[in-house]
Each structure stands twice: as structure tokens, then as C-alpha cells.
Amino acid sequence: MSAAPSSPVVPPRRKLQAPWLFSFLGAAAVFGATIAFTGGVGAAQILSTALTFATMYVIVGLGQMFVITTGPGNVDLSIPSTIALAGAVSMTVMGGSDAMIVPGLLAALGVGVAVGCFNFALIRLLQIPPIIATLSASFLIQSVAIAYGRGLRVRPPSGFAEFATGRVADIPYLAIATLGLCVLMGILLHRTVYGRSISAIGQNTRAAGLAGIPVERVRWATYVLSAVLAGLCGAVLAGFSGGSSLNMGEEYLLASIAVVVVGGSSVSGGQSNVTGLWGASIFLYLLVTMLNTFGVGAGLRLLLTGLIIIAIITLAGGPRTGRN
């Protein structure tokens with residue numbers, strides 16, 4: 001007598017098919033708590049301001065996301081100093097003239113290319129771990145920024161400042177432009193050989209190399225891309241704040257990493273998510289706004305921010321990747 005056919009094995013469901021969703025849910029919950037506390041006063045202004053500052057997080061988060069996707073240990077800690085140097089250089093080149101906006105932006109991107117190449121030279125030629133190489137580079141870049149921008153406070157051109165601070169229907173121009181940038185980066189990540197190579201390297205570097213992927217060339221391009229986006233952020237941030245300053249990039253060190261992880265990308269590499277960067281960026285800004293509204297002190301605010309971010313990451317249970 002033949003045995004009855006066995007029931008098919010149903011694979012266990014993932015913790016969450018879309019881990020980036022938790023960043024948007026977290027942002028909605030924080031916004032709701034803030035509005036409930038203020039009785040609805042200033043809701044539109046809070047959202048508009050959140051979108052403005054979220055764009056800065058998104059721009060640097062895009063570059064950091066590409067780097068982190070290339071696998072464990074890959075991270076760019078030179079972002080804050082690159083922002084400071086690029087902001088100073090771009091404002092100097094623009095010189096307050098609308099006719100020099102494009103050259104100023106190109107100069108900021110050029111700073112990013114130079115920083116990215118320098119970072120990868122430390123990693124590849126000197127065999128320094130990325131976290132140490134980019135941190136060391138950050139000190140050198142910051143020193144250059146100090147020497148170059150000491151006492152420098154060049155105001156941005158009026159046209160550039162109007163774009164950086166302008167809104168249409170309460171939606172910042174910056175947010176619209178950054179959304180377009182995200183579309184381009186999404187296409188680059190998911191629809192090109194370069195993007196697929198990044199994911200393959202992050203999932204298994206050795207297998208990617210055996211498959212013919214130029215691993216080191218792709219990693220070089222990735223570190224350059226991260227620095228270029230940091231340079232772009234430096235120029236935009238200087239235009240928004242009325243000029244460059246040496247400390248304007250400080251808050252983007254941990255924020256650039258937090259938005260990537262909270263946004264649903266895998267910290268172990270191989271999996272990334274552009275959409276989640278928006279939810280995570282808005283969440284981080286609204287979280288600080290909520291704690292300030294509640295009158296929480298600076299020390300406790302930092303502690304609660306860290307605990308809430310950890311909770312979001314734990315609940316999201318971001319994607320895992322297999323690796324030999």
C-alpha cells in the first residue's frame with residue numbers, strides 16, 4: 001500500500017516583507033503625538049520643514065546606502081568633512097553671482113570626486129579597513145576645510161538661495177528635486193549592471209569576483225559616488241543656511257547611517273531600499289521635533305532617540321543576506 005503524499009513544506013514567512021514600512025509608520029506615529037500635544041497648531045509648517053531637512057538626510061543617505069550595500073565593514077565616515085569642504089568651495093566659486101551657480105555646483109561635485117578617490121586609495125593601496133580609512137580621511141579633509149574656509153562666510157547667490165529655501169504649495173523645491181534624484185539612483189541601483197554588481201558584491205564578494213564582476217572598480221565608483229553626493233549636500237546646505245560653515249556637516253555622520261538602516265537596508269550588505277530613506281529621514285526629524293516640543297532635555301533626548309531608533313530597527317527586522 002503506497003504512502004500518502006506528504007504535504008508541501010511551507011517556508012516560514014519573513015518578519016516583514018517591506019521593512020522600510022516601519023520608518024513611515026514611525027514617522028506617522030511621531031507626527032501624530034506631536035500634533036496631539038500642540039492641539040494641531042503648526043501641523044502644516046512642521047511637515048513642510050520636515051520635508052526640507054529630510055532632503056539633506058536623503059541626499060547623504062543615498063551615498064551611504066550604496067557604500068553599505070557593498071558588504072560588511074563598508075561605511076563612509078568622511079561625509080561631514082566633505083560637506084564642510086564642498087560647501088566652502090562651492091560658495092567661493094559662486095561668489096554670490098547667479099551666473100556662477102553651475103560652476104559652483106560642479107566644484108562641489110569635484111571635491112566629492114577627489115575625496116572619494118582619496119578614501120579608496122587608503123582602502124585599496126594601504127589595505128586600511130574602510131571605517132578607519134574614511135575616519136582618518138575625515139580629519140585630513142576637515143583640516144583642509146579649516147585652512148581653506150577659516151573666517152570665510154560667502155553668501156550664496158540670490159537665485160540659489162531662493163531655490164534652496166523656496167516652496168510651491170508648501171512643498172520645498174529641494175524635496176521635489178531630491179525626489180527626482182532618488183528616482184535616478186533607484187534606476188542606477190536596480191536597472192543597471194553597476195547596481196546589480198553592488199548587490200552581488202554585498203551578498204558574496206568572492207562569488208561576485210568569480211562571476212567576472214570587477215569588484216575593486218565597483219567599490220571605487222561607490223566610494224566616489226558617496227563623496228559626490230556629500231559634496232552636493234554641502235553646496236545645497238550652504239545655499240539653504242545662507243553660507244557655509246565648518247561645522248555644518250557634523251549631524252550627518254550618524255544620521256547618514258541611521259537613515260539607511262532604519263529605512264530597511266541590510267547593514268550586512270547586499271540589500272538596499274531607496275524608498276525607505278524618505279520615511280527614515282522624516283522620522284528622524286519629526287522625532288527630534290517631538291522631543292523638543294515635549295520639553296525633553298538634551299541628554300535625555302539623545303538617549304530616547306537612540307532607544308526609539310533601536311526599537312524601529314528591531315521591529316523592522318531588515319533583510320538578511322547569506323554569505324559564505
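The values are calculated or read from the model by the stated rules, or taken from the named source; none is laboratory data. No experiment lies behind these values; they were computed from the predicted model shown. Don't worry about glycine lacking a Cβ; one is built from the backbone with ideal geometry, like all the others, and counts go over all protein chains shown.
General remarks:
- Meets criteria (at pLDDT below 95 and touching a Ser or Thr at 6+ places or on another chain (Cβ under 8 Å)) for Val41: no
- Contact map, the stretch 135-152: residues that are under 16 Å from Leu122 (Cα atoms) paired with residues that are in a helix (DSSP H, G or I) and modelled with pLDDT under 90, Cβ distance under 9 Å, separation 6+ or inter-chain. Pairs shown: Ser138/Leu253.
- Within the stretch 263-281, not a single residue is touching a Gly at 6+ places or on another chain (Cβ under 6 Å), under 25 Å from Leu105 (Cβ atoms), modelled with pLDDT of 85 or more and of a type in the set (S, T, N, Q).
- Listed by first and then second residue, the pairs with beta-carbon distance under 9 Å, at least 6 apart or on different chains, first residue in the stretch 73-101 and in contact (Cβ under 8 Å) with a residue 24 or more places away in the chain, second surrounded by 24 or more Cβ atoms within 10 Å (Cβ to Cβ) and of a type in the set (D, E, K, R), are Thr82/Asp76.
- Matching option when the condition is surrounded by 15 or more Cβ atoms within 10 Å (Cβ to Cβ), at pLDDT 85 or above and in a helix (DSSP H, G or I), among Gly61, Gly26: Gly61
- Filter result for the condition that a residue is surrounded by fewer than 24 Cβ atoms within 10 Å (Cβ to Cβ) and of a type outside the set (Asp, Glu), over Ser281, Ser272, Ser245: Ser245
Conditions (1) more than 21 Å from Asn273 (Cβ to Cβ); (2) modelled with pLDDT of 90 or more; (3) exposed (fewer than 14 other Cβ atoms within 10 Å of the Cβ); (4) more than 20 Å from the chain's Cα centre (by Cα), marked per residue:
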residue	(1), (2), (3), (4)
Arg155	yes, no, no, yes
Ser158	yes, yes, yes, yes
Phe163	yes, yes, no, yes
Ala169	yes, no, yes, yes
Thr178	no, yes, no, no
Gly186	no, yes, no, no
Arg206	yes, yes, yes, yes
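- Entirely in the stretch 165-254, the helices (runs of 4 or more DSSP H) that have 1 or more residues that are touching a strand residue (DSSP E or B) at 6+ places or on another chain (Cβ under 8 Å) and farther than 20 Å from Pro80 by Cα: 173-190
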